[in-house]
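Just below is one structure, and these are the notes that go with it.
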Amino acid sequence: LYFVFEAVPMGWTWAFYLCQAVMEQCVGDAVRHTAHGFGGLVRDRKVVPRLGKGFPVAAVYVDNATVVGFDKHDTAVVFKRVLRNLTNDGLLYREECFPNRSVETVGLVLNLGLRRIEHTPKQAWRLFKGTRALRRRGRCSGRQMERFTGHIVNYFMLHPESLSALGE
């Protein structure tokens, strides 16, 4: 008789870490790379791989994967490999989109056709409504102000010059 216990370790930090690690493995195995730095997986605190013909670049954020390729074919090939790897590992997934010139991910719209990165309209409205509600209240706790400031800084990072509005 043998006892086996299978579970994600307690705590959000470990669950986050394990999900990130599993997705990085599935996506990383799907992306070809060269010794010269073309193609591969974008990883925290590592040199960013270079995008090249036949060598797409992929990034993972917990349970999201984004693939950027030189052309539609390159992107579709890696996308299919990622889905195959997830299936082979017994992981369920939901496809967000197929290869195209614009994608919405983590509250941002990446538009390669226009060569622009911008916040989603939903993100802009949430910040606007939150700011308006905070102004109406007239006060908040230090913790609430810390969270609000974090949202403002995150939003303004697409236009760092906007951070000057946070002065006195």
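Among residues that are open to solvent by less than 70 Å² (accessible area, probe 1.4 Å) and in contact (Cβ under 8 Å) with a residue 60 or more places away in the chain, Cys19 is not included. Within the stretch 67-96, the set of residues being in contact (Cβ under 8 Å) with a residue 40 or more places away in the chain and either in contact with a Leu (Cβ under 6 Å, 6 or more places away or on another chain) or not hydrophobic (A, V, I, L, M, F, W, C) (or both) comprises Arg81, Arg84, Asn85, Asp89. Scanning the stretch 16-23 turns up no residue that is over 18 Å from Val106 (Cα atoms) and at pLDDT below 85.
Would you pick out the residues in the stretch 67-101 that are among the hydroxyl-bearing types (Ser, Thr, Tyr) and open to solvent by less than 30 Å² (accessible area, probe 1.4 Å)? Passing the criteria: only Thr75.
Can you say whether Gly150 is exposed (fewer than 13 other Cβ atoms within 10 Å of the Cβ), touching a Ser or Thr at 6+ places or on another chain (Cβ under 7 Å) and of a type outside the set (Val, Ile, Thr), as far as the supplied structure shows? Answer is no for this residue.
When residues of the stretch 114-144 are filtered for being free of Cβ contacts under 8 Å to residues at least 40 places away in the same chain, among the aliphatic types (A, V, I, L, M) and under 27 Å from Asn100 (Cα atoms), how many remain? Qualifying residue count for the region: 2.
The values are calculated or read from the model by the stated rules, or taken from the named source; none is laboratory data. Just so it is clear, the structure is predicted and the values come from calculations on it, not from any experiment. We place every Cβ from the backbone using ideal geometry, glycine too, and count neighbours over all the protein chains shown. Ligands, DNA and RNA are excluded from the accessible area calculation, which covers all protein heavy atoms including side chains. Shrake-Rupley method; radii C 1.70, N 1.55, O 1.52, S 1.80 Å.
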